[in-house]
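Reading through the structure tokens given below for one structure.
Values in this text are rule-based calculations from the coordinates and carry no lab data. In this text the structure is predicted, and so the values were computed from the model without any measurement. Here the Cβ is made from the backbone with ideal geometry for all residues, glycine too, and neighbour counts use every protein chain on show.
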Number of protein chains: 2
Amino acid sequence: MNNNESHSKWLSSVAVDVVIFTLRNQDLQVCLVRRTTEPYSSYWSLPGGFIRSDEALDDAAFRQLKEQTEVENVYLQQLYTFGELHRDPRHRVISVAYFALVSADKLSQNCLTPSDSLAWHSVYELPEMAFDHSEIVDYALTRLRYKIEYSAAAFELMPEEFTLRELQEAYMIILDDHKLDKANFRKKIRDAKIVEPVSRYIQTGGRPAKLFRFRKDAQLESKARRFFP
Amino acid sequence: MNNNESHSKWLSSVAVDVVIFTLRNQDLQVCLVRRTTEPYSSYWSLPGGFIRSDEALDDAAFRQLKEQTEVENVYLQQLYTFGELHRDPRHRVISVAYFALVSADKLSQNCLTPSDSLAWHSVYELPEMAFDHSEIVDYALTRLRYKIEYSAAAFELMPEEFTLRELQEAYMIILDDHKLDKANFRKKIRDAKIVEPVSRYIQTGGRPAKLFRFRKDAQLESKARRFFP
């Protein structure tokens, strides 16, 4: 960079946009907020907005989440930076996209109750969205699927304790694959050493089902599944 | 975002910085350029610089690469956006980091010849670098290692044709693991179905070695190695 060049022509607006995933009602859902100003007034959009010049990117993502959805203390990860030229019709805006994973039982009733300004939507039935936010959700979903296949990240979406059947259902919903073989799934979960039984059972229609929890020493990015030795 | 808010306080400088990896001299190297202006004048840094308000992020990365290193037509991928507050002592600069993979035989002699302003450095013996560029190289190296274990991306660093021994050496250099078991490595490469023999051999010290090439239908992000079914 050359100090003699005019500074202003190099400036851009930078925003963060957050795809918040949760599992509820046998569905994978994202939290959307309704825009009240142009452009795309009244369209659903991802929670987010411009970063302040005095805050780090991650802090901006946490702030926007809290201000717009009351969601806090969640697993948050940077995803991708969207920088095409005309993604905002007003002026150049670069968006740093994040995704957040949150267990539905950690969300407040206020946050879960749909309103005109905020609602959870199935990723399989999204409304028309502002800007390139549909594309951002698609990208986040691809990364989420990849992540749960290679790591223990799915546990961020589960309650503290769960049955293996519930865990399998979560995988089926996220992967949109309702034919996961039960025996094969349980073997893989066992081999990955990421869950441990708690000494409790819950009543189901049939015999009581054992409850499990995520092992604290399980790695979110397991090295155990490397393809090459 | 509120249209009534003053626009200027939301503006940031956005840069791209590119970690270009190549394999040469039995080493994994990155291309660095020497800064000639403050701050960090005379320090080595990653090729990169501010994006123009009229260019997309990827285009800015390709432009900076070509202008500063003459490298073009390479595999380029966005890596991560570094947005801590004081990473540049002058003012707020957000850097979108990319990594590029290039086979050394595609680099011009001009680009490979070290000079005061540009040189290839071993990732295992890096000089002190400007800004947080050491951290960016570390991050890129972690991602490169992950990528070659889960995909066929290593081939972007190989010549068109190679022996299995050369491929194994490439993995050992990139992973900094010189104990890879030959039989196990060859079995995994065979199982992954990502190489095919060409009908040529090259002379080695012992018996002639068969030459292979990357299969055109092999996926850079193979689905075949998923952990969950």
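General observations
- Shortest-first nm distances, A:Lys187 label point to equivalent points in other copies (7 Å, Cα→Cβ): 1.7
- Highest-MSF residue in chain B out of B:Ala209, B:Ala119, B:Ala152 [GNM, Cα springs under 10 Å]: B:Ala209
- Furthest towards positive pole of dipole, B:Trp10, A:Leu211, A:Gln77, structure part the protein assembly as shown, Cβ charges: A:Leu211
- Zero-based 5 Å bins, Cα pair distances in the stretch A:88-148, whole percents: 4, 12, 20, 23, 22, 14, 5, 1
- Here the Gaussian network model covers chain B, with springs between Cα atoms less than 10 Å apart; of B:Glu169, B:Glu161, B:Glu128, B:Glu128 fluctuates the most.
- Other-chain or far-sequence residues with amide H under 5 Å of B:Tyr43's (modelled H): B:Arg35
- Check: the stretch B:15-123 dipole with +1 on Lys, Arg Cβ and -1 on Asp, Glu Cβ, in debye: 200 debye
- Cα-derived Rg over Rh, computed across chain B with Rh taken as Kirkwood radius: 1.03
- Counting only the Cα atoms, the protein assembly as shown fills a convex hull of 172 Å³ per residue.
- Top of A:Thr37, A:Thr163, A:Thr69 by mean-square fluctuation, Gaussian network on chain A, Cα under 10 Å: A:Thr37
- In the protein assembly as shown, the calculated helix contribution to ellipticity at 222 nm averages -8000 deg cm²/dmol per residue, counting -39,500 (n - 2.57) for every DSSP H run with n ≥ 4.
- Coordinate range of the alpha-carbon atoms in the stretch B:160-214 per principal axis, descending: 29, 27, 20 Å.
- Over all projection directions, the Cα-based convex hull of the stretch B:117-226 averages an area of 9.3 nm².
- Karplus-derived 3J(HN,Hα) values for the stretch B:185-195, using 6.51 cos²θ - 1.76 cosθ + 1.60 with θ = phi - 60°, are 4, 5, 5, 5, 5, 5, 4, 6, 6, 10, 10 Hz; glycine and proline are entered as x.
- Cα-centre dipole for the protein assembly as shown with unit charges at Cβ (Lys and Arg positive, Asp and Glu negative), debye to 20: 2260 debye
- Going by neighbour counts of Cβ atoms within 10 Å, the residues B:Ser41, B:Ser122 line up, fewest first, as B:Ser41, B:Ser122.
- Low-density loop cleavage sites - trypsin sites (Lys or Arg not before Pro) in the stretch A:102-199, where at most 12 other Cβ are within 10 Å (DSSP): A:Lys179
- Residue order, fewest to most surrounding Cβ atoms within 10 angstrom, among A:Thr204, A:Thr81: A:Thr204, A:Thr81
- Relative contact order (%) - criterion: Cα under 8 Å, at least six apart; region: the stretch B:160-214: 43 percent
- Counting from the shortest, the label point at B:Thr113, 7 Å from Cα toward Cβ, is 7.5 nm from the same position in each remaining copy.
- Sorted from closest to farthest, the other copies place their B:His91 label points 1.3 nm away, with each point set 7 Å from Cα along Cα→Cβ.
- Computed from the alpha carbon atoms alone, the convex hull of the stretch A:1-129 holds 125 Å³ per residue.
- Dipole of the protein assembly as shown, positive direction: furthest Cα of B:Gln26, B:Gln168, B:Val123, with charges on the beta-carbon: B:Gln168
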